[in-house]
C-alpha cells in the first residue's frame, strides 16, 4: 500500500490565500465552478475509485478555512487532495490530477486546467 501522505506546500498555499481579497477568492471559486475546470474535475473523479481519506485532510481544511474565512474553498482544497490521494492509491496517472498535484506541491490553488495555477493579487 502507498503511504498516506500528500505533497502539499501548505505554508505557501496559506500565505497566498492570506494575500487575496474576498472578491478574488470568489472569482477563483467561479473559475473552478465553470467549464473546463469543473468538467475536467468531475471526469477525473468519475474515473478514480474512492478510498479512505488521507489523514492530513482535517489539518489542511482547518488551515485553509482559517486563512480564507471561506469553508467552500477549504472544501475544494480537501476534495482536490482526496482526489489526488485516491489517484496515488490506485496508481492512476490521470493528467488532470497530475496538474492538481503539481499546483498543490508548489503551494498554489488550482483553478484552471493546464499549467499549475498561481493566484494573482487583485
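Scan segment 58-70 and tell me whether some residue there is surrounded by 14 or more Cβ atoms within 10 Å (Cβ to Cβ), closer than 12 Å to residue 6 by Cα and modelled with pLDDT under 95. The answer is yes, given that some residue of segment 58-70 is surrounded by 14 or more Cβ atoms within 10 Å (Cβ to Cβ), closer than 12 Å to residue 6 by Cα and modelled with pLDDT under 95. Listed by first and then second residue, the pairs with beta-carbon distance under 6 Å, at least 6 apart or on different chains, first residue in segment 9-36 and in a loop (DSSP other than H, G, I, E, B), second at pLDDT 95 or above, form an empty list.
Could you please let me know if residue 102 is more than 21 Å from residue 25 (Cβ to Cβ) and either touching a helix residue (DSSP H, G or I) at 6+ places or on another chain (Cβ under 6 Å) or in contact (Cβ under 8 Å) with a residue 40 or more places away in the chain (or both)? Against the criterion (more than 21 Å from residue 25 (Cβ to Cβ) and either touching a helix residue (DSSP H, G or I) at 6+ places or on another chain (Cβ under 6 Å) or in contact (Cβ under 8 Å) with a residue 40 or more places away in the chain (or both)), residue 102 does not qualify.
Is it the case that residue 74 is modelled with pLDDT of 95 or more, assigned to a helix (DSSP H, G or I) and crowded, with 20+ Cβ neighbours inside 10 Å? For residue 74, the condition - modelled with pLDDT of 95 or more, assigned to a helix (DSSP H, G or I) and crowded, with 20+ Cβ neighbours inside 10 Å - is met. Tell me, please, whether a residue that is surrounded by fewer than 15 Cβ atoms within 10 Å (Cβ to Cβ), closer than 16 Å to residue 112 by Cα and more than 14 Å from the chain's Cα centre (by Cα) can be found in segment 80-97. Yes; the residues of segment 80-97 include at least one that is surrounded by fewer than 15 Cβ atoms within 10 Å (Cβ to Cβ), closer than 16 Å to residue 112 by Cα and more than 14 Å from the chain's Cα centre (by Cα). Residues that are under 15 Å from the mean Cα position of the chain (by Cα) and within 17 Å of residue 83 (Cα to Cα) are absent from segment 12-30. Can you tell me which residue in segment 43-58 is nearest to residue 22 (Cα to Cα), limited to those that are assigned to a helix (DSSP H, G or I) and either more than 15 Å from the chain's Cα centre (by Cα) or free of Cβ contacts under 8 Å to residues at least 24 places away in the same chain (or both)? Checking each candidate, the answer is 58.
The values are calculated or read from the model by the stated rules, or taken from the named source; none is laboratory data. Computed from a prediction, not measured in an experiment: that's the story for all the values here. Note that we place each Cβ from the backbone using ideal geometry, even for glycine, and neighbour counts take in every protein chain shown.
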